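Just below is one structure, and these are the notes that go with it.
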Amino acid sequence: MKYRIKQIQCRPWLLNGLSPRLIESHYENNYGGALRRLNAISEQLAALDFASTPGHVLNGLKREELVALNSTLLHELYFASLGGDGQPTKGMAQALAEQFGSLERWRAEFRAMGYALGGGSGWVILAYVPRDGRLINQYAAEHSQSVAGGVPILALDMYEHAYHMDFGANARAYVDTFMRNLDWPALEARHGDACKVAPPRPLEQPEFGAVQGIGVEEVREMMAAGRPVQVIDVRPRHFVSRQQDIAAGIPWRDPEQLQEWIGELSKSEPVVVYCAYGFHIGCKTAIKLREAGFDAKYMNSGHSGWRAVGAPVKLLP
Ligand SMILES: [Fe+2]
């Protein structure tokens, strides 16, 4: 199946300070070129005998496919980014201010990234990352870098072919002109679409019903702030003896011997328990504690998560 060309989304004759000749050449030669390459590579790949194709040939084709496909997609987004009056919409200004501190701060970073690519080449992309519902300004060289799972909503082309005809080597003037032509209502619409992309599915453990988990970062913050919380490491004995370390300031108790240590706990303060990775033992212990009348939760991702965020550990005696 062939990739088909998309109509240019900005009206070249209406742009302010970017000539129709430049936009036309960009669309026909660079965007069109990427699309033509992409289709040629796809055809070659479709005809390939994978059993007899040397690894380096396949690597090369797949790399070129990625470059051509991303170049195609980013050029479509680039042309769709242009054609406005450069006046931020209220909704978009608010979204950027929330994420970057202020609209000005976002603009300063985006612009500076464009300036920094002057004389080099690459893309400056504003992308939405569904995992955390975040917006980031992303650098992308070679058309081929993109945030995995990210949704690009604004793209600035910093390859020389995007500006040399009108601006010579003056990449800064080009970046400023791009910003003056930004189509903010279209950007806001794309942002709205991106926000509807669901984050990756969280781990589900339906067997543990309603028992609540709490994040490692949250537990760490509670402890650092001196908030009342009883945190207990309940990794199975064989895990503790193998891993040889323990979160600093947190006691270990054998989950098999719950009845022996449950009396140490206070019912007036929340309890957080965790095991090695956040699966069974931590959840089961939290359930038993809840049944005994404690406000107990298990810590997601367990001791591994504690170490993964760089929280302090000490060697077990
Ligand atoms: Fe381009």
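Just to confirm the number: angle between the C-alpha axis of helix 32-46 and the first principal axis of the chain, 0 to 90 degrees, nearest 10?
On a 0 to 90 degree scale, this one is about 60.
What percentages make up the Cα-Cα pair-distance distribution of the stretch 1-103 when the bins are 10 Å wide from 0?
Percent of Cα pairs in each bin: 13, 31, 24, 20, 10, 2.
When only Cα pairs under 8 Å and 6 or more residues apart are kept, what is the percent relative contact order across the chain?
15
Quick check on the chain: of the DSSP beta bridges with both residues there, what percent are antiparallel, nearest 5%?
65
Angle between the Cα long axis of helix 171-180 and the longest principal axis of the chain, 0 to 90 degrees, nearest 10?
80
Would you tally the net charge around ARG190, using a Cβ to Cβ cut-off of less than 12 Å, leaving ARG190 out, and scoring K and R as +1, D and E as -1?
-3
Output the pairs from LYS267/LYS314; LYS6/LYS90; LYS2/LYS62 with a Cα-Cα distance over 25 Å in this structure; if there are none, say none.
LYS267/LYS314; LYS6/LYS90, as the Cα separations exceed 25 Å there.
Where the eigenvalues come from the Cα gyration tensor of the chain, what are the semi-axes √(5λ) of the equivalent ellipsoid, largest first, in whole Å?
52, 25, 17
State whether the stretch 86-191 is rounded, prolate or oblate according to the following rule on the C-alpha gyration tensor (a ≥ b ≥ c being the square roots of its eigenvalues): a/c under 1.5 gives rounded; otherwise a/b larger than b/c gives prolate, and the remaining case gives oblate.
Here the stretch 86-191 falls in the oblate category.
Bear in mind these aren't lab numbers, they're just calculated from the coordinates by the rules spelled out. Treat the numbers as computed from the prediction; the structure is a model and nothing was measured. Neighbour counts run over all protein chains shown; Cβ positions are idealised from the backbone, glycine included.
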